[in-house]
Amino acid sequence: AGVLLLNPFGQEAVRTHRLLRVLADRLARAGHDVLRFDYHGTGDSPGEDLSATLDHFAQDTLAAADTLAAMTKASTFTWLGIRLGASVALQATQKTRKGPDHLVLWEPVLDGAAHLKALAADHHRALLSTYSLPAHAQALSDQHQASWPPTELMGFEVSAQMAQQISSLQG
């Protein structure tokens, strides 16, 4: 069996990196062919944060699935997506005639608007707690909180298109 692992986005990707690496190692030791990858504009892939969109993530997923199929003799395929990666997996399945045999959706983003607001609130709190100069921190926080859609989420730049795509997700 082949297993494709789909990352979440931003800080959630950073925080699940080890989990996905350990999961990939254990699946491989159990005899599965496993592929982890970074979407264009994220992680170790080329591209800038601002070039990332959910549409591109879905295309990257399909390319990764094709690569996994071409490089292995697997007869069945499972896609496992976490958070935004689960939502991307669903989008990618709608763009292909031959999707995975199994789809594992680990806490998919079902309310994109609420998810985006929560990420923006986390960013706001981080700005207030990170800087040692309270007045400067408050000014930065106010500036980021006033801009909608957000242009940065916990250290990751976000294009208006990406923010709109995340916001439009509905389960």
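For HIS56, the test of being surrounded by 14 or more Cβ atoms within 10 Å (Cβ to Cβ) and without any contact (Cβ under 8 Å) to a residue 40 or more places away in the chain is passed. For ASP60, the test of being in a helix (DSSP H, G or I), within 16 Å of the chain's Cα centre (by Cα) and closer than 20 Å to GLN164 by Cβ is passed. Screening the candidates PHE9, PHE77, PHE37, PHE57 for the property of being in contact with a Gly (Cβ under 6 Å, 6 or more places away or on another chain), on the phi < 0 side of the Ramachandran plot and of a type in the set (Phe, Trp, Tyr) yields one hit, PHE77. Let me confirm something: among GLY85, GLY43, which residue is under 23 Å from GLU157 (Cβ atoms) and open to solvent by less than 40 Å² (accessible area, probe 1.4 Å)? Within the list GLY85, GLY43, the selection yields GLY85.
Okay, residues lined up against (1) at pLDDT 95 or above; (2) buried (at least 17 other Cβ atoms within 10 Å of the Cβ); (3) among the polar types (S, T, N, Q); (4) over 20 Å from ALA70 (Cα atoms):
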position: VAL3; (1), (2), (3), (4): yes, yes, no, no
position: GLU12; (1), (2), (3), (4): yes, yes, no, yes
position: ALA28; (1), (2), (3), (4): yes, no, no, no
position: PHE37; (1), (2), (3), (4): yes, yes, no, no
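Listed conditions (1) within 15 Å of PHE156 (Cα to Cα); (2) free of Cβ contacts under 8 Å to residues at least 60 places away in the same chain; (3) touching a Ser or Thr at 6+ places or on another chain (Cβ under 8 Å) are all met by LEU50, apart from (2). In the set (1) open to solvent by 30 Å² or more (accessible area, probe 1.4 Å); (2) out of contact with any helix residue (DSSP H, G or I) (no Cβ under 7 Å at 6 or more places or on another chain); (3) of a type in the set (Gly, Ala, Ser), ALA65 fails one condition alone, (1). Checked against (1) within 12 Å of the chain's Cα centre (by Cα); (2) over 15 Å from ILE166 (Cα atoms), LEU68 passes all but a single condition, namely (1).
The values are calculated or read from the model by the stated rules, or taken from the named source; none is laboratory data. This one's a predicted model, so the numbers in the text were calculated from it and none came from an experiment. Every residue, glycine as well, gets a Cβ built from its backbone with ideal geometry; the counts of neighbours run over all protein chains shown. These area figures cover heavy atoms from the full protein model, side chains too; ligands, DNA and RNA do not enter into them. Shrake-Rupley method; radii C 1.70, N 1.55, O 1.52, S 1.80 Å.
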